[in-house]
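Comments concern the structure below.
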Amino acid sequence: MYLFWKRNTLGDVSVSAVGIRRFVRRYLTKPLDCDLISFPEGEECILIVLSYPKGQTPPGMETAEGRICRELEKLGFSVRISWVEVEKAPFDPLGELSSLARKPLAWALLGAVIAALFIVGFRPFFWILFWGAAFYFGTVFLLSEKGKRIAEKLKGIAGR
């Protein structure tokens, strides 16, 4: 969704709410999150709503707020940040399963797995599962903070 920011002689200027939210999330550490971006009517600023879990006061809130303000002010925004305390919903396995059951891609993958089991047999099927799990967990690791640091070191060694 695009939000109207301001009007000038060339026309209206709108910005992507999703893009700004992604930009802000780059400066947040877990468990902090960016829940809302808006441009309040009648105010010349961007309102950012950041959240943290109920009952916690995570370290680095002030640091994150300062960094976000500095970076957005470099882009020409006047920034106002609000913090909200959110209650984390307990994990509901039945709710997750029912939402997964409504996705056609999940049914397609289940059908493909069953077909592969009958076509290739049990032994090759379990090797396929093993290598799929190995690549999945390898990707999850490389996308983590520690994995990103290792990838950066390898790029430095390679000269890139």
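The values are calculated or read from the model by the stated rules, or taken from the named source; none is laboratory data. As the structure is a computational prediction, the values presented were derived from the model and not from experiment. So basically every Cβ, Gly included, is an ideal-geometry build from the backbone, and we count neighbours across all protein chains shown. Remember, those area values only see protein heavy atoms, side chains included, never the ligands or the DNA or RNA. Shrake-Rupley method; radii C 1.70, N 1.55, O 1.52, S 1.80 Å.
One table, with the values for the structure above:
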| read-out | value |
| --- | --- |
| Where chymotrypsin sites (Phe, Trp or Tyr not before Pro) fall in DSSP loop in the stretch 38-119, at most 14 other Cβ within 10 Å | Phe91 |
| 18 Å Cα-Cα threshold exceeded, pairs from Lys30/Lys146; Lys30/Lys54; Lys74/Lys146; Lys30/Lys148; Lys54/Lys88 | Lys74/Lys146 |
| Over the stretch 15-105: Rg over Rh, Cα atoms, Kirkwood Rh | 1.08 |
| Nearest 10 degrees, 0 to 90: helix 145-158 Cα axis against the chain principal axis | 90 |
| For Asp33, residues with placed amide H under 5 Å, excluding near neighbours | Ser51 |
| Mean accessible surface per residue for the chain, computed with a 1.4 Å probe while every protein chain stays in place, in Å² | 78 |
| R0 of 22 Å, Cβ-Cβ distance Ala101-Phe137: FRET efficiency to nearest 0.05 | 0.30 |
| Set of aspartates and glutamates with alpha-carbon distance to Lys153 below 16 Å, sequence-local pairs under 8 removed | Glu145 |
| More than 25 angstrom apart: percent of Cα pairs within the chain | 59 |
